[in-house]
Every structure is written in structure tokens, then in C-alpha cells.
Amino acid sequence: MKPTISANAPPEVGAALQRLRLARGLTLEDLSRIAGVSKSMLSQIEREKANPTIAITWRLANALGVAISELLADGEKDVETIRVVDAHETPTLPGHHAGYVLRILGPMELAGKHEWYELTLAPGGELVSQPHDPGTTEHLTLLHGAMEIEVGAHRKKIKLGGTARYPADQAHAIRNPGKTEAKALLVVIHR
């Protein structure tokens, strides 16, 4: 028997959050990293021990690639045949301090397996990464501007339209040595 819920009670976000997270193959830690919400807070929300603020609900919806209404709705929605993610719904990892913006284009359920991003670098901007898991590779296709890749002691410039393929299981950096903004598609393949 389902408990009676007052019309004035806040929506129970926990079940929807857990369903959407698990459908995408994400751990609490994965979602925490992507959404910028602590793992303990996510756990409390999923167990209906805490109600998220609108700001946190918005961040979770963006991280999961769904409309905020999906987290607030009762019950499961039918799966859409074609799901269009509008630009404002695309999760973004801003690195303004380093001069980059990373838009997460791939679906969250593939995070940790196959990921793809749109990388924008300001002039002089850089995306510096620590080694990923063993066997991980990255594939960077330059769409406009200028970029160079550094892996260990090796450095190469990429020509417009060119693709750099390199091991990402060692420290690596993507830089914009040019005087204008640069944009690329970045695909990460985890082994």
C-alpha cells in the first residue's frame, strides 16, 4: 500500500535520481564528480533522508542529461525514441581558471567507458590531466584555432581538421598556443 502524500509535501526525488543514475551505469562517486555534489549528499537524497535545493536538483538533472522535471516527476516516464538534448541541458565542466570549457557530449551511461567532449580553449588556455586508468587513449580532432598535445616529454601541434591519438594513461596536456579561441572534439576510450 502506497503511503498517502500531502499535496504540500515536496516531491520524492531520491527514487528518480537512483533510477536515472543506475540506468546510466553511474556510481554515486561518478555522479558526484560530474555534478559537483558530495557523495554523502547524493546518498542522503537517494534514501529520501534529504531534499535537494533547486540548484542541486538542476545540477543533477544536467549531469544526468535530463530535464529537471524528470527528477521531480512521480513514476517512470516512457523512453523517448529520439532524445534531443538542448544546449542548456548539456553538462559543462568549466575550467575558467585554466582557460578551458569542456562540454560533456556523450551520454552519462557511457562515462568511464567511452566519453566525448567539446573542448574550447581560450588563447593560452590549457587542459592538464593526470594519468587515467591503464590502457586509456584520447583522440582529439581540431575544429578551429590552434592546439598542441603534450604527453610526457613529447609535444606535437595539430593541424586544422587533424586528429591526434595518444595514450592518456600518463600525464598529458592540451594547450592553445594561438591568439584566438580554439575548439576540438575529444574522445576518451577507457580499456
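Numbers at a glance
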read-out: Net charge contributed by nearby residues that have their C-beta within less than 11 Å of Ser129 (K/R +1, D/E -1); value: -4
read-out: Backbone N under 11 Å from the Lys156 label point (7 Å along Cα→Cβ), restricted to the range 162-187; value: 163-167
read-out: For semi-axes √(5λ) of the Cα gyration tensor in Å, calculated from these coordinates, the label among (1) 37, 16, 15; (2) 27, 19, 17; (3) 39, 21, 17; value: (1)
read-out: Average accessible surface area per residue within the chain, 1.4 Å rolling probe, Å²; value: 59
read-out: Rounded tilt (10° steps) of 54-64 against the dominant C-alpha axis of the chain; value: 60
read-out: Length gained when the stretch Glu48-Ala87 is fully extended (0.36 nm per residue, less Cα-Cα span); value: 11.0 nm
read-out: Within a Gaussian network of the chain (alpha carbon springs, distance under 10 Å), most fluctuating of Arg155, Arg59, Arg165; value: Arg155
read-out: Rounded to the nearest 10 Å², the accessible area of His144 at probe 1.4 Å; value: 80
read-out: Percent carbon-and-sulfur accessible area, the range 23-99, ignoring ligands, DNA and RNA, probe 1.4 Å; value: 55
read-out: Peptides ranked, highest mean first, by Cβ atoms within 10 Å: ranges 31-37, 52-58, 86-92; value: 31-37, 52-58, 86-92
read-out: Potential lengthening between Ile68 and Val128 on full extension [0.36 nm per residue; Cα-Cα distance subtracted]; value: 18.4 nm
read-out: Lys156 accessible area, assembled protein chains, probe 1.4 Å, Å²; value: 150
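The values are calculated or read from the model by the stated rules, or taken from the named source; none is laboratory data. Given the structure is predicted, the values throughout are model-derived calculations rather than measurements. Note: ideal-geometry Cβ built from the backbone for every residue, glycine included; neighbour counts use all protein chains shown. The area values use the complete protein model at the heavy-atom level, side chains included, leaving out ligands, DNA and RNA. Shrake-Rupley method; radii C 1.70, N 1.55, O 1.52, S 1.80 Å.
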